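The values are calculated or read from the model by the stated rules, or taken from the named source; none is laboratory data. This structure is a prediction, so every number in the text was calculated from the model and none was measured. Note: ideal-geometry Cβ built from the backbone for every residue, glycine included; neighbour counts use all protein chains shown. Accessible surface is based on the protein model in full, side chains and every heavy atom, while ligands, DNA and RNA are left aside. Shrake-Rupley method; radii C 1.70, N 1.55, O 1.52, S 1.80 Å.
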Amino acid sequence: MTLKATLVVRRGAGGAPASWSRFDVDFEPGESVLDVLRRIRVEQDPTLAFRFSCINANACKECMMLVDGKVAYACTARLEPREMRVEPLPNKKHIRDLVTEIAPPDEKLPRLR
Amino acid sequence: MAGDRTHLATDVLIVGAGAAGMSAAIAAHDAGAGVMLIDRSLIGRGGATVMAQMTVAAAVGEEVPDDWHSHLEDTLKAGRGLCDQRLAELLCSEAPSAIRQMDEWRVGWARHSDGRLRATEAPGHDRPRCVYVDFLNTGPAVSRTLRAQVQRRSAIRRIGELCVVDIVVEQGAARGVVAFSVVDGRTVTIAAKSVVICTGGLTRLYARNSASLNMGGDGYALALRAGAKLIDMEFVQFFPIGHLAPRLVGMDPIMWDPFRYKLGGRLLNSDGREFIGDYDLAEDGRYRATRDVATQAILAEVAQGRGSPHGGVYLSFQHVGEAKLREAFGPVIDRLAANGIDLTQQPVEVAPMAHYHMGGIKVDPTMATCVPNLFAAGEAVGGANGANRLSGNAISEALVFGRTAGVEAAKRAAQERFALDVAMSDAVVIAHGAGEANVNPAALIVQLQRLMSEKAGPLRSEAGMSSALSELAAMKAQMGNAAPSPQAEFDSGRLDWFDLRNMLLVAECVVKAALARRESRGAHQRTDFPRTDDWVVRHIMRLQGEKILLEISA
């Protein structure tokens, strides 16, 4: 059984005015938001940026974002057959698209001049 | 952004922050060296360690009396004659002290009420030898504990989100690395007196895998291009009972192994029959078949039309009963319920998935490669586990080899006087990038994963692998030699390009080694050469220019 959803995704660099991309996707019941974001990079738009590492285990905690306005892990948020809105975390410095600054301050490179 | 460069320097540079890398960092620091620990992901979030659910094999002998020689005997037997005996000895003899060190650091090993460490019996071990942290928490606990120890040593400089492009080799020795920032794209050069590769395995080469994103075999490619040798690259371990269906989120797909350790469980074909006994020793309700044997048995059932609807087999705990399930796995049962799975009512579908790499960088027992100042540790190292790894040996290997590599790399650094400007290295040119991306590397990576699963997965043949080599060459031509320059902050496409560059090289090594091994042994199964030969040889690879050279060694 294949279902259809539309992901409305916040795009653009940190500090830039918000812009949005709409992605129509097919999915199987049970798939996560992360499954579909990864597929969008392969099939529709490789420039889409988001963080993830462990893919499915919810071990790395990197894929935290806003799904329909609520903080969620993209790897455990189930996709639903409707329009869903995906945004970066609001309380972190925005880097680009769905990526925010989550590295501890003492684990970063020296700031560029 | 493009053209910007940051230069850093250290005594010992450790690439990769899983259990091996963090152990190496702690050991090198405690030996008096200045240490820098870098990772492609955030420190302590990526890699395999954090994903490990259970178990850690070590002859601590508290569950039942044990001796590391027995652990060694089991390791060598599981390795089907191909283990590097010296590495396996180091692993087994030092695993107990590594476990006790972790215990002092309060990792929280499961204990009996009288204080003895609990150990479970995993397939291939002659007795209960595998310690663990409840519930399904071994990897995260190990990761967290090591991370806390690293953080307590404030002199260890940690930098995440740094992707290494190449190791710089000048005047015949490793002198540091060229990398780029995943966040802002700038080139980063790091001069170091010794370098330790702790980047884990290559499971991301396969479509179904239990790895983190950063496990595309980058360390093998870095080592090869630096002039080091790889060994046993054909031996990719497939984990037999990776979760297949129904779709499960928020759980590691290898979660069923601990269930089997504690509760046995039944592996059934579509006729509802336990079939493992047809291929190896009978399980008698216990979990005994080693990973290579179980993988072959499952694939054979599927090939003969006795598979499950999604192309695996069934794993059932229906006979166990709710009380026992809950006692063994507590909150995990609720997480399964949230996924709509009630183990008392239904079996799950499982199938093999890429899990671990027995092959890797060739090192001596001091973890030194043949390139002066270059070391490796953990899964990145090849040879300790031969043709098939025993359950539980991976984290032991990471802890023991990491510690050894850290000590040795610190010693090496103390002897090295250097002041190297790595700024002029060729790798800097590659890291800067030359143009725009005109391919979609994310799509090519998916194509590569499908190709490897189909043609260089758990079942292999000459015809399949020959065509795989041509496809790999075509993909290499398609991606080109010039990296795209950074186009934006957090340029994932560019990161994919560098990942693909490494993945294609490492995939070619796996296929070439597998083509050359005209027999079946452990994890390497040839449909055209199904028997195990008694001609025991090892395949050692190095790079000459762009060409992979294969040397056969006794």
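If you check B:Gly277, B:Gly227, B:Gly272 for being in contact with a strand residue (DSSP E or B) (Cβ under 7 Å, 6 or more places away or on another chain) and either open to solvent by 10 Å² or more (accessible area, probe 1.4 Å) or among the charged types (D, E, K, R) (or both), only one passes: B:Gly227. A single member of B:Arg158, B:Arg152 is farther than 18 Å from B:Met452 by Cα, without any contact (Cβ under 8 Å) to a residue 12 or more places away in the chain, open to solvent by 10 Å² or more (accessible area, probe 1.4 Å) and more than 20 Å from the chain's Cα centre (by Cα), and it is B:Arg152. Quick check on B:Asn214: is it under 16 Å from the mean Cα position of the chain (by Cα) and open to solvent by 10 Å² or more (accessible area, probe 1.4 Å)? In short, yes. Listed by first and then second residue, the pairs with beta-carbon distance under 7 Å, at least 6 apart or on different chains, first residue in region B:484-501 and free of Cβ contacts under 8 Å to residues at least 12 places away in the same chain and more than 11 Å from chain A (Cβ to nearest Cβ), second aliphatic (A, V, I, L, M) and open to solvent by 30 Å² or more (accessible area, probe 1.4 Å), form an empty list. Taking region B:489-532 as the range and being β-branched (Val, Ile, Thr) and within 26 Å of B:Lys476 (Cβ to Cβ) as the test, the residues that pass are B:Val506, B:Val510, B:Val511. Looking at region A:10-25, which of the residues that are more than 14 Å from every other protein chain (Cβ to nearest Cβ), loosely packed, with under 12 Cβ neighbours inside 10 Å and modelled with pLDDT of 95 or more is nearest to A:Arg96 (Cα to Cα)? In this case the residue turns out to be A:Arg22. Evaluate region B:216-225: report whether one residue or more is of a type in the set (Ser, Thr, Tyr) and within 14 Å of chain A (Cβ to nearest Cβ). No, because not a single residue in region B:216-225 is of a type in the set (Ser, Thr, Tyr) and within 14 Å of chain A (Cβ to nearest Cβ). The lone criterion from (1) away from chain B (no Cβ under 13 Å); (2) buried (at least 16 other Cβ atoms within 10 Å of the Cβ); (3) touching a Lys or Arg at 6+ places or on another chain (Cβ under 7 Å) left unmet by A:Met65 is number (3). Residues that are open to solvent by 70 Å² or more (accessible area, probe 1.4 Å) and touching a strand residue (DSSP E or B) at 6+ places or on another chain (Cβ under 6 Å) were ranked within region B:497-549; the one that is farthest from B:Asn438 (Cα to Cα) is B:Thr532. Can you pull out every residue in region B:148-173 that is within 13 Å of another protein chain (Cβ to nearest Cβ) and either assigned to a strand (DSSP E or B) or at pLDDT below 95 (or both)? Across region B:148-173, the qualifying residues are B:Arg157, B:Arg158, B:Ile159, B:Leu162, B:Cys163.
How many of the residues in region A:26-62 are facing chain B (nearest Cβ under 7 Å), outside any loop (DSSP other than H, G, I, E, B) and either surrounded by 21 or more Cβ atoms within 10 Å (Cβ to Cβ) or in contact with a Cys (Cβ under 8 Å, 6 or more places away or on another chain) (or both)? Matching residues across region A:26-62 total 2.
Among the criteria (1) crowded, with 23+ Cβ neighbours inside 10 Å; (2) without any contact (Cβ under 8 Å) to a residue 60 or more places away in the chain; (3) in a loop (DSSP other than H, G, I, E, B), the one B:His71 does not fulfil is (3). Residues considered: B:Ala48, B:Ala24, B:Ala20, B:Ala33. Of these, the only one that is surrounded by 24 or more Cβ atoms within 10 Å (Cβ to Cβ), more than 13 Å from chain A (Cβ to nearest Cβ) and over 10 Å from B:Cys198 (Cα atoms) is B:Ala33.
If you go through region A:80-113 and pick out every residue that is hydrophobic (A, V, I, L, M, F, W, C), touching a residue at least 60 places away in the same chain (Cβ under 8 Å) and within 10 Å of another protein chain (Cβ to nearest Cβ), you end up with 2.
Quick check, is A:Val71 in a helix (DSSP H, G or I) and at pLDDT 95 or above? Talk me through it step by step, then tell me what you get.
Values: in a helix (DSSP H, G or I): no; at pLDDT 95 or above: yes.
Judged against the criteria, A:Val71 is not a match.
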